Amino acid sequence: MMDKKTRDALLKLFQSKLNEAMSLYLETCTRCGICTEACHVYASMGQVKYISAYRHEIVRRIYKRYFKGRGKIWPSVGEAKELSEMALDELYEAAYSCTGCRRCMMFCPFGIDTQMLMSIAKLLLIGGHAEPEVLTMLADTSIEKGKSLEIFKESFLAGIKRLEAEVVKKWRLEAGKKAIPVDVEGADILYVALAGAHSIIPAAAIFNAAGENWTLSFFEAVNFGAFVGDPTKTRLILDRIINEAKRLKVKEVCICECGTAFRVMKQMSGKQPFEVSALTEVHARYLKEGRIKVDTSKFKGKPITYHDPCQIARNGGVIDEPRYILRHLTDDFQEMSVDPRYNWCCGGGGGLVALGEDNLDFRMKSAKVKVDQVQATGAEILTTACENCHTQLSNLNDHYKMGVDVRFLSSMVVDALVQ
Amino acid sequence: MSPSTKEASVDIVYYIVLVPMAYIACVIFVVGTAVRLVKLFLEPRHPATLQIFPERRPRWLWALGDTFLLPSVRRHKPFFWVVLMLFHLAFLLLIIGHIELIAEIKPLQVIPHEVFLGRGFVGLILSLALLYFLFRRFVSPTKDLSVPEDYYLLILLFLTILFGSQMDWARRWYGYDSITVDSYREYLSSLLALKPYVSSDLTAPGHSFMLVLHIFFANLFLMVFPFSQIMHSFFSLPMNKLRRG
């Protein structure tokens, strides 16, 4: 049983999430069921609990019970529900089987945002210490790193130094120029990468090829605060990038191939003296302006398909740019979905990939429709522009023996660069 | 109980439904809806955009299209879309029809028609559509999503419309003429003028039973309106605007 003190604390958290949009989402669902086929988890596994409206109801029933007169006077009419340990289990099941891809918003006649409703579930789970610990740990580590930058700075710079030779291998530089500039005041672009050579080397080589005045951020782009649904931690992780961009007086913050990082930065940073762009947008721009050239025969004979990362395409608006790049890389590009807004989620978003082996089985089962979609294109190369998608698609490739080559779009651009 | 006292007590019940309950229902409907709308739109805005891309401009026009033409339903459930569109169009005609039952409104006679408009088909479409909405909730997976209030609401609306339409059908299709449009006008306009008058036509034994039941269920409907999912009639447009950015 949940004691009153805990419940009150959780309800306070619930209250903190209420605003105009959230109230509209909580109040309006008519449970018409049009969203039934929207969720890839339901489409793959066929269980009612994975229908978007069903997920909403898990949150909505608690809302009715504690925030609506109707739920207090006559709870059974709306099946209003007590907030209990059992309810937390249900919230976990709903929130951590949802990738926040927002495909269901394309089905709902009112456009109810399931990801928003699941953010209530995630916050209640944090309050009840029932969230996936690994996500909180990752968020805390990330915040700690940001706090004690001086301690990490040296090892970070040493690590970067080791990567420089790799960058030069991809693109030769004039003598004396730094392959990975760091902490450059007045740079035009601040590039925010992930911890990992694959996120830095291709991007750096392409910046250098385009003759860009850029600098690498000290911080990781990924926002584990957003995955675990903790608004305070999300803000802390976001703010330090904003502050760095302001300190260096950059004109543009370019986010690496990471969907959540891009969307959080683009949509939550508010009005700032810099623009926010996705790496894909920057690469398309370079091609358009003739600042980089690519060899169109590099991937000849291999049909290529592109997976639109939900947070970058449907939720972030970067849709034409990857296609523009791919038209330069191949004459055999196969679309996955007639309308990118209806592209199936890979099944790895919302922190699900970060849970690793723990939910691998679920991630594989729940993304069967994605596998079918990829296979229907007949592509040999499956490219994408998001870390989570890349990991999940690689896992799917192994599990279902799809036999495709899963690649980051930036890595294809760098491989096709013409010196 | 003698026949006369029986009649008197029935008259009292009729009067309660036709006058005080109707007033109470209207007050709850207007005040309840207004309070809910004001409270909701006074809440702070969400700090980030909630839109879906690619963006289409002008956004408000696309949001209007999404709200009134239900393109997402047409795409995914075409038959449901046809029924929904028929239902909502018929509901609009139903509202116009009731306005004409209060007073004669000249501009509405651009297309000359007899009051109540629709030759009885407005009510028929609404009744059939409601039965469809109700029965589809008996089938999985919509059954698993539904909660009791979804059924209660559809049943309440069905009863309201059935008894209302029944009066229309009786006049239209069976030549019943004891209660005329003028009797309804007299009653409704007197309510509106705050000088309630219930003529003996309306309460005379026989068909009046249908009228009283119609008004009774309509009163209940108005009373639950502000607290139910029917508020989507007001919320749909701002929500679709959120999706369009």
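Just so it is clear, none of the values below were taken in a lab; they were calculated from the coordinates. What you see is a predicted model; the values in this text were computed from it and never measured. FYI the Cβ positions are ideal-geometry reconstructions off the backbone, even for glycines, and counts take in every protein chain you see.
Observations
- Label-to-label distance for B:Phe79 and A:Val134 is 4.5 nm, based on points extended 7 Å past Cα in the beta-carbon direction.
- Pairs of Cα atoms farther than 31 Å apart, the protein assembly as shown, %: 60
- Highest-first arrangement of A:288-299, B:163-174, where packing means the average Cβ count within 10 Å: B:163-174, A:288-299
- Axial C-alpha extent at least 27 Å, average Kyte-Doolittle at least 1.0 - helices from chain B (DSSP): B:20-42, B:78-102
- Counts of other chain beta carbons within 10 angstrom of each beta carbon in peptide A:16-26 average 5.
- Helix A:114-127 and the long axis of chain A differ in direction by around 80°, with both axes built from C-alpha atoms.
- The simple Förster model, with R0 at 41 Å and r as the Cβ-Cβ distance, assigns A:Asp3 and B:Phe135 a FRET efficiency of 0.40.
- Chain B has equivalent-ellipsoid semi-axes of 37, 21, 20 Å, by the square roots of 5 times the alpha carbon gyration tensor eigenvalues, sorted largest first.
- Each peptide in A:347-358, B:79-90, B:216-227 gets a packing score, the mean of other Cβ atoms within 10 Å over its residues, and the list from highest to lowest is A:347-358, B:216-227, B:79-90.
- Crossing angle, helix A:133-147 versus chain A [Cα axis fit, 0-90 degrees, rounded to tens]: 50
- Shielding score for B:137-148, defined as the mean number of other chain Cβ atoms within 10 Å: 6
- Rounded to the nearest 10 degrees, the inclination of helix A:387-399 to the longest alpha-carbon principal axis of chain A is 80 degrees.
- Other protein chain Cβ atoms within 10 Å, averaged over every residue that makes up B:234-240: 5
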